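This report concerns only the one structure given below.
Bear in mind these aren't lab numbers, they're just calculated from the coordinates by the rules spelled out. None of these values were measured; they are calculated from a predicted model. Note that each Cβ is placed from the backbone with ideal geometry, even for glycine, and that neighbours are counted across all protein chains shown.
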Amino acid sequence: MSSSQRWLLFWGTVLLWLGLCFLLKALGVIADPLGYFWPGFLLLAGVGLLLSAFIPARPVVGEEVTVVDLQGARQVSVEVEHGVGQMEVTGGAPPGAALTVSRGAGLKVSSRLEGDRLAVKVECGPSFAPVGPEGGVWRLRLTDEVPLTLSLESGASQIRLDLQDLPVTYGKLEAGASRVTLIPPARVPNALLDVDAGAAALNVQIPEGVAARIRLKDDLAARTVDQSRFPPLGGGVYQSPDYDSATYRVEINLEAGVSSVHIR
């Protein structure tokens with residue numbers, strides 16, 4: 001379903017509900033149609049948000065994207081603000097582009113070149129009718145040509161953060177009531193990831209050949225760690241036996257009231 005079709009479906013449903021409220025008033029069933037309309041409108045919007053966040057979106061062929069040019073920068077910092085719904089962050093930006101992002105209502109992108117560093121800010125509204133991209137998921141593709149830093153803030157969402165093919169030296173994720181899949185970089189000598197999550201289900205998949213040091217806050221509700229790869233050191237710290245000598249390694253700090261964490 002295209003963005004225009006979702007727009008028509010959403011507002012068509014709203015108009016039907018409004019008409020029904022006035023019909024009930026004309027029939028003498030209710031006295032205040034607007035008093036009934038607004039709760040129903042909020043209910044429709046809430047259902048749309050929940051469906052967009054937790055029902056997988058269909059793949060889209062030939063999806064239109066917004067492209068941010070690399071502008072000759074030697075490093076890129078990306079800041080993403082995401083409302084609710086679904087988001088996917090991976091590599092795959094074309095040569096000469098810092099990033100591409102799904103085009104859709106509710107998207108704002110700005111960038112500025114500061115010396116040899118390009119700072120990019122991406123603001124994504126909810127991925128549900130009538131806003132959001134084609135296919136119902138924001139897809140962000142980052143460059144692998146220069147070192148990256150990434151900051152992502154999101155609300156109630158389903159997020160796939162696949163950084164394994166990207167030169168991300170630092171990443172920060174702040175998420176609310178979300179389902180998150182996080183794959184750290186696979187070819188970075190020293191990567192640092194800070195995760196601050198609310199009532200989230202977090203699945204961390206560390207690529208083979210990458211050593212990791214993982215710090216978990218003690219009051220996490222549930223945790224499952226592959227201790228054959230990351231033996232416990234005490235105090236909520238798990239670490240690969242070869243961490244200090246490994247060519248590629250990542251340090252992950254997990255904080256806040258995360259409901260469940262699975263690390264393998």
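With semi-axes defined as the square roots of five times the eigenvalues of the C-alpha gyration tensor, the equivalent ellipsoid of segment 65-263 measures 29, 21, 12 Å, largest first.
Going from the residue with the fewest nearby Cβ atoms within 10 Å to the one with the most, W17, W38, W138 rank W38, W17, W138. Listed by chain and number, the aspartates and glutamates placed with their C-alpha closer than 19 angstrom to that of K172 are E79, E81, E88, E123, D144, E153, D162, D194, D196, E251, E255; residues fewer than eight positions away on the same chain are left out.
Two numbers describe the Cα atoms of segment 169-222: Rg and Dmax, which are 11.8, 32 Å.
For I252, the shell of other residues with beta-carbons less than 14 Å away shows a net charge of +3, using +1 for Lys and Arg and -1 for Asp and Glu. The fewest-to-most ranking of R179, R117 by surrounding Cβ atoms within 10 Å reads R117, R179. Going from the residue with the fewest nearby Cβ atoms within 10 Å to the one with the most, C21, C124 rank C21, C124.
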